[in-house]
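Remarks on the structure that follows.
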Amino acid sequence: MLFKSKKTEELFRKNGFIIIPDFLSDENIEKLTSLYNSLNIENLEEIYTNIKDRDLELNEKIDQFLKGIFQPSLEQHFANFIPDGGVFIVKGTGEKSESSLHQDWNVIDEEKYLSCCVWCPLVDVNESNGCLQIIPKSNNWFKSIRSSNIRPLFLDFKAVKKELISVPVKKGTAVVFAHNVFHGSKPNYTSTLRPVATVSVISKEATPIHYLKNGDKIDVITADKNFYQKEVKKIFAGIKPEINILEQIDFKEQYIISEENFMKTFKKNTSLLNKLFGRKL
């Protein structure tokens, strides 16, 4: 189990997310906000994270600081876990700030273990400034592989709007969502940036990994704490990364979700729910 509560884990596995009110105290929100303000982020239109352009030393400082702030609350709710990847995610303002529905990269073997993002806003979030939007239960629909060179599917909100859940929350509340649940956020229509502190959590027994497509094979590689800050940048720049290959698996087309396949699966699953609960799609 990843969660201390069996009931919480069952809910997480079923829907792909849970909400934990008052995850962070006002004092800890102030500490995180102070560090965020020191980054002097302004005039931002798109989605931004500090690992995009800050140096390794600063990113390591942010990672350790965020994990330190989150740790007491993580220990309260999780069992047998490892915290990883503490970063700030900032939504800019205007139409370009939209984050289309998608799945995050795999960070563990999802057929054996659980992983999630603990997403905690430093300001109240709602429909106006781009709260999370989630397709519940979509974490159970596919066995997909997503990585730096295996692009995940991005979906238009309108295509699934009747089954989409909006998740407005107060600052300090944690939205804990599975990396493989479809999620995103609509544009921030206010004039103020929307900062969020996030930490990933994985099962303690799991090996942190990353997938790299290599012809008709997929290299399963070790993803240590520096991989996402150093080696991924090399991959995006077309430079050969320094990697440790754990194993190779055959590439299969079903690892990549097409929009057509998604919509078929989406309609099949939501039609079943409609029959059970008497709703119309």
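Scanning region 119-133 for residues that are surrounded by 24 or more Cβ atoms within 10 Å (Cβ to Cβ) and aliphatic (A, V, I, L, M) returns a single hit, 125.
Residues checked against (1) of a type outside the set (A, V, I, L, M); (2) in a loop (DSSP other than H, G, I, E, B); (3) open to solvent by 30 Å² or more (accessible area, probe 1.4 Å):
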site	(1), (2), (3)
197	no, no, no
201	no, no, no
210	yes, no, no
219	yes, no, no
228	yes, no, yes
234	yes, no, yes
248	yes, no, yes
260	yes, no, yes
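Would region 139-154 turn up any residue that is farther than 30 Å from residue 30 by Cβ and assigned to a strand (DSSP E or B)? Yes.
The values are calculated or read from the model by the stated rules, or taken from the named source; none is laboratory data. Small disclaimer: the values here were computed from a predicted structure and weren't measured. Don't worry about glycine lacking a Cβ; one is built from the backbone with ideal geometry, like all the others, and counts go over all protein chains shown. What goes into the accessible areas is simple: the full protein's heavy atoms, side chains included, and nothing from ligands, DNA or RNA. Shrake-Rupley method; radii C 1.70, N 1.55, O 1.52, S 1.80 Å.
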